[in-house]
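Reviewing the structure listed below.
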Amino acid sequence: MTARIIDGVKLAATIRENVAQRAATLTAAGVKPGLAVILVGSDSASQVYVRNKVAACEKAGLYSVLEQYDADMSQEALLSRIRELNVDASIHGILVQLPLPAHIDAHQVIETIAAQKDVDGFHVSNAGLLMTGKPLFRPCTPYGVMKMLESEHVPLRGAVAVVIGASNIVGKPMAMLLQSAGATVTICNSKTKELSWHTRHADILVVATGKPRMIDASMVKPGAIVIDVGINRGADGKLCGDVDFDSVKTVAGAITPVPGGVGPMTIAMLLVNTIEAAERTLLTSST
């Protein structure tokens, strides 16, 4: 068996085309969708991420603002700037790139972003809405994974899904989305006892641990759908995921590659969330 490759680049391109069409419609109606991206510090990976996000916005016809600040920016100055963006009518989405410098409380920063502009979906009110099955914004990476499963026509109702990783950014919201779709979900972590027992029973396996190639073929149920959220740099200097792609692709029914899998979908769904925020603004103004 050789697994089908779930092409995140191709699917993301289709979604971005749809975003561009919706952005054009909104712009014609007098609402230019706007996203503000804030980067504090000089983390090299974060700089790449924010450049990609801003470039994707501009290509899709969204208005984007990138604000970069020195690592010694005070927490109060950052919170003050966020409050200004909260009331800026030209900005529909606000994203503060994580991680932040150690002296800044990331939780307080996220909670300061207006919930209706929290296009990352991290605000506690948005997390609560997701928990109740009525999300305002779905966190971008889990949202992208759900779109990938949808593109593969994966039956979720009644499926056994295992999520490895329990972060607020990926693992927990991923589990909530799968559960809302009718799957039976188990959340594990890298230290879970008899982890292989859980993974070998999974029809759908989502891995987000940050541990390179920790999942191999012996841990995967034949025919399972394997979604690799991890992105690491191996000893050879090449990018790799949390799944040993070469071995698992001989067992799985479908698998995402790294790079070219979940990563492009995360940015695509950020654009979708921003468009949805702008569309709500137009809807509110017309009622």
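The values are calculated or read from the model by the stated rules, or taken from the named source; none is laboratory data. Treat the numbers as computed from the prediction; the structure is a model and nothing was measured. Cβ sites come from the backbone with ideal geometry, for glycine too, and all protein chains shown count toward neighbours. Protein only, heavy atoms only, side chains kept; ligands, DNA and RNA dropped before computing areas. Shrake-Rupley method; radii C 1.70, N 1.55, O 1.52, S 1.80 Å.
Observations, loosely collected:
- Size of the stretch 17-104 as Cα extents on the principal axes (Å, biggest first): 42, 28, 13
- Across the stretch 198-208, rounded Karplus estimates of 3J(HN,Hα) from the backbone phi angles (6.51 cos²θ - 1.76 cosθ + 1.60, θ = phi - 60°) give 5, 5, 6, 9, 7, 6, 10, 10, 10, 10, 9 Hz, Gly and Pro being marked x.
- Cα pair distances exceeding 14 angstrom across the stretch 69-153, given as percent: 67 percent
- Rg/Rh (Cα only; Kirkwood hydrodynamic radius) as it applies to the stretch 144-265: 0.93
- Solvent-accessible area per residue, Å², over the chain with all protein chains present [probe radius 1.4 Å]: 46 Å²
- For the chain, the Kirkwood hydrodynamic radius comes to 19.6 Å, computed from all pairs of different C-alpha atoms.
- Here the chain is assigned +1 on the Cβ of each Lys and Arg and -1 on the Cβ of each Asp and Glu. Its dipole about the Cα centre then comes out at about 660 debye.
- Between the stretch 1-30 and the stretch 159-202, the alpha-carbon center distance in angstrom: 27 Å
- Accessible carbon and sulfur surface of the stretch 168-287 relative to its total accessible area, %, 1.4 Å: 55 percent
- Over the residues of the chain, the helix contribution to mean residue ellipticity at 222 nm works out to -13000 deg cm²/dmol, using -39500 (n - 2.57) for each DSSP H run of at least 4.
- Distance from the stretch 71-114 to the stretch 248-287 (C-alpha centre basis), Å: 23 Å
- Between the Cα long axis of helix 262-285 and the first principal axis of the chain there is an angle of about 40°, rounded to the nearest 10.
- Between 0 and 90°, nearest 10: helix 140-151 axis offset from the chain longest Cα axis: 50 degrees
- Largest mean-square fluctuation among 265, 146, 73, in a Gaussian network model of the chain whose springs join Cα atoms under 10 Å apart, belongs to 73.
- Of all DSSP bridge pairs formed entirely within the chain, close to 5 percent run antiparallel.
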